[in-house]
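Working notes for the structure below.
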Amino acid sequence: MKHLTNLVTVTLTLILASSAYAQNPNKEFMMKTSELKSGVNNITFQSQGYKLAGLLFLPGGFSPDKIYPAVVITPPFNQVKEQAGSVYARKLAEQGFIALAFDHRGYGDSEGELRSYEYTPAFLEGIADAVSFLRMHNFVDISRVYGLGICVGATHIVATALTDKRFAAIATVSGMLNNQRSFFGTMNRTQAVATLKTANEARQKYYETGVQENVGLLGLGTKPAEDAPNVNKEGHDYYMTKRAGRKTYPNYTHMTPMFVNEDYPRYNAVTMAPNLYTPYLGIYGSKAMESNGPLTVAFYEAASEPKELYEVKEASHVSLYDIDKDVDRAVARMTDFFLKYAG
């Protein structure tokens, strides 16, 4: 009888443990507060069965017994967590936020078979799961979780916030908010169809052989001509030098699967703007009018209230990635804006 009682007890314990795990299958990813420190911390969380690697920046004097506002950051095209995301995360932590920059699925230190594939649905899941991960921790103020999207990341943060109302507010910096225009607006019908068919065949090849056929986007790889658009020159100076290239960030590459051209032209965040309903701040540089300026302004004009627009004087599209004098002004305005709102 004693053995039977013990067996029942063990069985009930296992059932209860299994039930608790089923209630929170991601509990194993919760951070150990005793190991956290002010500044940068390496963390891992799960998104749709993949382990994603992140850098969590904590304010000076961090204490797990206090609660802090938090920001989830999603970066420019093909970037890894150590690049622009970390620049903003570090500065936001200095303003008292918990800030998370992370590698999306297939990027940097994160899992994912397809590498450097900016597939929007996966990015949206990653952002939403980053929010879920932060909200599991008692030191995060769940009423003050914010989102920041930089460059192409602007579309990702908007598309997430459209239906994820756990964000108290969002901001975009140098936002590329109309990918359809950026693609179809740069070529005629014949050119667009040809480009898409090439992408389709690259997908077919990957499906049949597992070979990932890559292409260099953003006009990178060769030094731009003297008469090239300024944004191209900026991109080369940023991505193809020690400033932010592979010599400094070896996990970064400007190469991406050719069939990325199937995905990003599907999205025009401006069409989402009227139904955003989440407080929005659009930040762009005054010298970026040939690239993201009109897109940010168009999104702002179409967006639901409350909303704000901030032009950083003398800043360009790429200077807002990492140049202190420009980033500092963006972060100051962002901080004021975020702290007006709680969910």
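The values are calculated or read from the model by the stated rules, or taken from the named source; none is laboratory data. Keep in mind that what you see is a predicted model, and the values were worked out from it rather than measured. Backbone-built Cβ (ideal geometry, glycine too); neighbour counts: all protein chains shown.
Of all residues in the range 284-334 being among the β-branched types (Val, Ile, Thr) and out of contact with any helix residue (DSSP H, G or I) (no Cβ under 7 Å at 6 or more places or on another chain), which is surrounded by the most Cβ atoms within 10 Å (Cβ to Cβ)? Write out each step before concluding.
As a first pass, look at the range 284-334 and keep what is among the β-branched types (Val, Ile, Thr): 296-297, 312, 318, 323, 327, 331.
Then keep just the ones that are out of contact with any helix residue (DSSP H, G or I) (no Cβ under 7 Å at 6 or more places or on another chain); that gives 296-297, 323.
On the way: Thr296: 26, Val297: 17, Ile323: 16.
It comes out as Thr296.
Give the range 234-254 a look and list any residue that's under 20 Å from the mean Cα position of the chain (by Cα) and outside any loop (DSSP other than H, G, I, E, B), or say none.
Gly235, Tyr238, Tyr239
State whether the residues of the range 189-196 include one that is among the hydroxyl-bearing types (Ser, Thr, Tyr), more than 20 Å from Gly153 (Cα to Cα) and surrounded by 14 or more Cβ atoms within 10 Å (Cβ to Cβ).
Filtering the range 189-196 down to residues among the hydroxyl-bearing types (Ser, Thr, Tyr) leaves 190, 195.
Add one more test, that the residue is more than 20 Å from Gly153 (Cα to Cα), and what stays is 190, 195.
Cutting the leftovers down to surrounded by 14 or more Cβ atoms within 10 Å (Cβ to Cβ) gives us 195.
Yes, the range 189-196 contains a residue that is among the hydroxyl-bearing types (Ser, Thr, Tyr), more than 20 Å from Gly153 (Cα to Cα) and surrounded by 14 or more Cβ atoms within 10 Å (Cβ to Cβ).
Under 8 Å between Cβ atoms, which residue pairs at least 6 apart in sequence (or on different chains) link something in the range 152-171 that is among the aromatic types (Phe, Trp, Tyr) with a partner that is outside any strand (DSSP E or B)?
Phe167/Val131; Phe167/Thr160; Phe167/Ala161; Phe167/Thr278; Phe167/Gly343
If you scan the range 122-145, which residues turn out to be under 12 Å from the mean Cα position of the chain (by Cα) and either more than 18 Å from Ala171 (Cα to Cα) or not small (Gly, Ala, Ser) (or both)? It would help to see each step written out before you state the result.
Kept after step one, since they are under 12 Å from the mean Cα position of the chain (by Cα), are these residues of the range 122-145: 122-131.
Selection gives Ala122, Phe123, Leu124, Glu125, Ile127, Asp129, Val131.
State the number of residues belonging to the range 140-178 that are surrounded by 21 or more Cβ atoms within 10 Å (Cβ to Cβ), at negative phi and either outside any strand (DSSP E or B) or in contact with a Cys (Cβ under 8 Å, 6 or more places away or on another chain) (or both).
15
Within the range 19-79, considering only strands (runs of 3 or more DSSP E) that don't extend past its boundaries, which have at least 1 residues that are among the β-branched types (Val, Ile, Thr)?
Working: elements: 39-47, 50-58, 68-74.
Of the strands (runs of 3 or more DSSP E) lying wholly inside the range 19-79, those with at least 1 residues that are among the β-branched types (Val, Ile, Thr) span 39-47, 68-74.
Identify, please: which residue in the range 261-271 is under 17 Å from the mean Cα position of the chain (by Cα) and in a helix (DSSP H, G or I) and is, among those, farthest from Asn178 (Cα to Cα)?
Residue satisfying both the conditions and the ranking: Asp263.
Could you list, in sequence order, the residues of the range 116-131 that are within 14 Å of Phe102 (Cα to Cα) and in a helix (DSSP H, G or I)?
Ala122, Phe123, Leu124, Glu125, Gly126, Ile127, Ala128, Asp129, Ala130, Val131
Considering only the range 45-80, how many residues are of a type in the set (A, V, I, L, M) and out of contact with any strand residue (DSSP E or B) (no Cβ under 8 Å at 6 or more places or on another chain)? Show your work before the answer.
We begin by selecting, within the range 45-80, every residue of a type in the set (A, V, I, L, M); these are 52-53, 55-56, 58, 67, 70-73, 80.
Checking which are out of contact with any strand residue (DSSP E or B) (no Cβ under 8 Å at 6 or more places or on another chain) leaves us with 80.
Residues flagged as of a type in the set (A, V, I, L, M) and out of contact with any strand residue (DSSP E or B) (no Cβ under 8 Å at 6 or more places or on another chain) within the range 45-80 amount to 1.
Check whether at least one residue in the range 268-285 is under 30 Å from Gly216 (Cα atoms) and without any contact (Cβ under 8 Å) to a residue 60 or more places away in the chain, and report yes or no. Explain how you work it out, then say what you get.
Of the residues in the range 268-285, the ones under 30 Å from Gly216 (Cα atoms) are 268-272, 282-285.
Now narrow it down to the ones that are without any contact (Cβ under 8 Å) to a residue 60 or more places away in the chain: 271.
Yes, the range 268-285 contains at least one residue that is under 30 Å from Gly216 (Cα atoms) and without any contact (Cβ under 8 Å) to a residue 60 or more places away in the chain.
For the range 223-240, give me each residue that is more than 15 Å from Tyr321 (Cα to Cα) and either modelled with pLDDT of 85 or more or acidic (Asp, Glu) (or both). Give the derivation first.
Step one: list which residues in the range 223-240 are more than 15 Å from Tyr321 (Cα to Cα), which gives 223-230.
Matches in the range 223-240: Glu226, Asp227.
Could you count how many residues in the range 287-313 are in a loop (DSSP other than H, G, I, E, B), in contact with a strand residue (DSSP E or B) (Cβ under 7 Å, 6 or more places away or on another chain) and either over 23 Å from Lys325 (Cβ atoms) or at pLDDT 95 or above (or both)? Explain how you work it out, then say what you get.
Going residue by residue through the range 287-313, those that are in a loop (DSSP other than H, G, I, E, B) are 287-292, 303-306, 313.
Adding the requirement that they be in contact with a strand residue (DSSP E or B) (Cβ under 7 Å, 6 or more places away or on another chain) leaves 292, 303.
Then drop every residue that is not either over 23 Å from Lys325 (Cβ atoms) or at pLDDT 95 or above (or both), which leaves 303.
The total comes to 1.
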